[in-house]
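Working notes, beginning with the structure itself.
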Amino acid sequence: MPAQLPAGQAPAAPFADRARFDARDKVLGRTHFTADVALPGMLYAMTVPATIAKGRLTAVSTDAAMAVPGVVRVLTAADFAPPKPPPAGAQGPAAAPATPTIVPAIGYRGAPVAMVLAESIEAAIEGAEAIRASYAPAPASTPLITSPGATREAAEPVEAGNAARAMRRAATVVEVEYESPAQHHNPIEMLSTTAVWQGGRLTIYEATQGAQMVKANVAKAVAIDPATIDVRSSYVGGGFGQKGAAQRQTALVARAAMLTGRPVKLVLPRGQVFHNATFRPLSRHKVKLGADAAGRMIAVEYDADHQQSREGQFPPEYHEAQTQMYGIADYHGTTANVRIDTQAPGYMRAPHPHPASFAFEGAVDELAEKLGRDPVAFRLQHDAVADPVTGKPLSSRFLNDCIREGARRFGWDRRDPRPGATRLADGTQVGWGVGCGAYPSITTANIATLRVSADGTTRLALSGHEMGQGIRTVIAAALLRAIDIDADKLDIRIGDTSVVPQHITAGSWGTASALPAVEAVAAKMTAAMAELLAGRTVTGNLHRRLAAAKRPFLEVEATQLAPGQQPAALAGLRAAGFALTGPAYPDFTTFSYIAHFAEVHVEPRTRRVRVPRVVSIADCGRVVSPRTAESQVRGGVVWAIGSALREETEVDPRYGGWLNNDLADYVVPVNADIGAIEVGFIDRPDPLLNAVGAKGLGEVAMVGAAAAVANAVHHATGRRLRRMPIRIEHLL
Ligand code: MOS
C-alpha cells in the first residue's frame, strides 16, 4: 500500500503536454551554448597534456611556442600560486580541496603541463604543439585495476538484518561476478571555459551543472574572494555528470584572464576531455543471492569495488538503490576503492545504479532460471513497502505497476521460456529480457525570485541548470499553470550565481527541487497582486492588472525547504550552494522506479546483436512535462544499449592513458542501432515528497536497461555474459 495523502490535500492534476520551452530557439540555432561564447579582444587558449602517467615536470621550454605568430603568452606551473584551503566549516562542494592548476607533480597521463594563449585558435594549437616538456618519471600503476601498484581501501558497508544467517536458510543460491568497464560521458559540447577579469571582478562562462561549485573551486584554486566571482551557465550542451564536478581547466583560464587582462576562452579538445574529465570507473560486482524453499529471495551478500584515483573522492555507493529493489530484509553489501594512477573518476548518468543493476538484475534472472520461474512473475513476487536499511515506509512505489504494464505492452505472455528456442526464418536468434531499476529521489532547498512587469515581461530566477533535460520546460509548465502571464515574454534565469544561489543540478533532483519553489513564489505573487488591487476587480492577465494599478512591476521571493529540512539548509545553499536531503527523509524514504523489456536479435553467422524494440515504463511520480520526460527515458535507454553492447574506454597499457579517446574509436550507438523505444509512465503522484508529487527521472531512465539487453541475449543464445560491453567476439 502506498502512503496516503495528508488529510485535506488533493493530488495535483495531471500536466498537459507542451512544447519544449526552448524548442524554437534550438531549431533556429539561437540557443547560446557556453562553448559558443565570443567576446571582443578574446584570447584563445590551448592546454598541453603530460606524456607520462606519473612523475615530476622538470622543465618546460616555451621559446618555440612563443615564436609562433599570434602566440601571446605561455602559462606554466610558475604562474600559479598554491591554492587556498577550503574555508573552515564549509559543506558540500565548498569543502572539497581546489582542483590542481598547472603543477610540477604529474598524477596521470594527460594532465596539463602548460597553456598557450594566442590571438587565434589555430595559433594556440600550433603553439601548444611546439611546447617541449621534460619529466622525471616515476613508476606508475596504469589505469588497469589489476596493476600491482593498486591499493585496495574498504569503504562503508551497507547492512540490513543479518544476511549471513539468512543465507544459511537459503535452499537455492546463485553466486556470480559481473563487471562494468570504464566509460566516458562524451557530451557533444566539450568542456569549455571563458573568463573575463574586469574592475576586480571575475566573470566565468562555463557549461556546468554547478555554477556555484565552479565559483567555490576557482576562488580556492586562484586564491581570490568568492564574492568577486560570477559564474554563468546559460545552456549546457550535455552534462550527464561530467559537468557536475569542478573541472581542472576552469582555474587555468581564470588565471590567464587575470594575468593578461583580456577575456580568455578554452574549449578542451575531445582527447584531453577523455584524460582530464571525470569518468565512470570500472567496477566489479560479486553478487550472492539466496532464495528459501518457497522460492522467495531472502538474502543478499554483495561485494562491489571500483577503480579510483590516488586522491579521488567518488564513493563506491553501489548498494543504495539495490537494497530497495525487492524487499529483501537481510542484505550485506561491502564496497572498496581500488586506487591506481588515473585521473579522478566521478558521477556519470545513474552512477552506481546503472552498473549495479547490470549485475543485480542479471543475478536475479539467474536465480529465477535456477528456480524454474518466469523472470517477470519472479520479480512481481518481491514487492516492498519499506526501506530495509532504515525501516522507513516508502512514500510511493509503483514498480510492480511498471512491470505489469511493460509486460502487457511488450507481449511478454507470448514468450517461450526456453533459451535459444526462438528463431526467425533466417536462423536469427530472438531473445526477450527484462530488467528493473530504482534511483534515489533526492531534493535540495531552493530560492526563487519572480518579477512580473506591466510591460508584459516576466523574470523568474531560481537554482537549476539546463543541460538539455528540459528543466526550463518543467519550470515554465508549473509557473504558467499557477499564474496568468504572457508565456512568450518569460525569461527563466537559471545557472547564474549573480541572481540567486545555484545548487548543483544532478542526481535527478532538478524537477522535484525546482517545482515547489516555483509554486511557492507563484503563490506569493498571487497574494501580492491581491493586496495591490485591494478588492478592486481588474480583469486580464497579471501584466494588464499591473498596468491598471499603475505599477511598473511586482517582485517577490520565496524560499523552499525539502521535507524535514531546517532553515539552516537555506544558509548552506546561500553560502556553499549545497543543501541536499533524501532519499531517506525523516518520516519516509522515496525512490523512483522503472521496468524495461528488450528484444534482441542475434544474427546467425556474424553474431551481430541488434535491439529492434524496447518497452520502458517508469514511476517518477507525477509527470510534469510529458514530452521531455519521454525524451529523457528514450535517451537513457539508448545509452543503456550503448553500454550493454558498445562502450568501453580502453587503457593504453604502455603509457597509462586512454587509447580510444575520440568519437571514432569510442563506439556509441548511432541511429541505425536503435529500434522502437516505447515509453510509458504510471503518472501517479508521490503523496509525501512535494505537493506536485514529482520524483526524479533523468537517471532511473537508464537503470536496469542494460540488464534487460543482457538477459535478452541469454534468452536468445543461452549464453550468460556478465561483462559489458557484450560484443560479437563474445557470441562467436
Ligand atoms: Mo548526474 S551523473 O548526478 O549529473
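The values are calculated or read from the model by the stated rules, or taken from the named source; none is laboratory data. All values reported here derive from a predicted model rather than from experimental measurement. Neighbour counts run over all protein chains shown; Cβ positions are idealised from the backbone, glycine included. Only protein heavy atoms, including side chains, enter the accessible area calculation; ligands, DNA and RNA are left aside. Shrake-Rupley method; radii C 1.70, N 1.55, O 1.52, S 1.80 Å.
Values for this structure:
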item	result
Whole-Å distance, taken between Cα centres, linking segment 700-716 and segment 51-83	47 Å
Cα-based convex hull, the chain, per residue volume (Å³, whole number)	168 Å³
DSSP bridge orientation in the chain - percent antiparallel, rounded to nearest 5	75 percent
Hull volume in cubic angstrom per residue (convex hull over the Cα atoms of segment 381-528)	204 Å³
Built amide H within the under 5 Å cut-off of Ala386, gap 5+	Leu394
Cubic angstrom per residue, convex hull over Cα atoms of segment 241-303	124 Å³
With every protein chain in place, segment 88-132: carbon and sulfur % of accessible area (1.4 Å)	59 percent
Carbon and sulfur %, accessible surface of segment 154-236 computed with the full protein complex present, 1.4 Å	50 percent
Residue-level accessible surface for Asp17, protein heavy atoms, 1.4 Å, Å²	90 Å²
Cα-centre dipole for segment 155-269 with unit charges at Cβ (Lys and Arg positive, Asp and Glu negative), debye to 20	380 debye
Residues with amide H under 5 Å from that of Arg56, placed H, sequence gap 5 or more	Ile106, Ala136, Ala138
Segment 585-664-segment 336-367 distance, computed between alpha-carbon centres (Å)	13 Å
DSSP bridge pairs, segment 265-414: antiparallel proportion in percent, nearest 5	50 percent
Residues with amide H under 5 Å from that of Thr422, placed H, sequence gap 5 or more	Val430
3J(HN,Hα) from dihedral phi, segment 410-418, Karplus parametrisation 6.51/-1.76/1.60, rounded to Hz, x for glycine, proline	6, x, 4, 5, 8, 7, 7, x, 6
Most to least packed among 255-265, 299-309 [average Cβ atoms within 10 Å]	299-309, 255-265
Rounded accessible area of Met46 (nearest 10 Å², 1.4 Å probe)	20 Å²
Residue-level accessible surface for Ile131, protein heavy atoms, 1.4 Å, Å²	10 Å²
For the chain: accessible area per residue (Å², 1.4 Å)	37 Å²
Phi to ³J(HN,Hα) by Karplus 6.51 cos²θ - 1.76 cosθ + 1.60 over segment 35-48, Hz, x for Gly, Pro	5, 9, 4, 9, 10, x, x, 6, 9, 9, 10, 9, 8, 10
Segment 505-554-segment 414-492 distance, computed between alpha-carbon centres (Å)	24 Å
Cα extents of segment 182-223 along the three principal axes, largest first (Å)	41, 18, 14
Whole-percent carbon and sulfur share, accessible surface of segment 595-642, 1.4 Å	50 percent
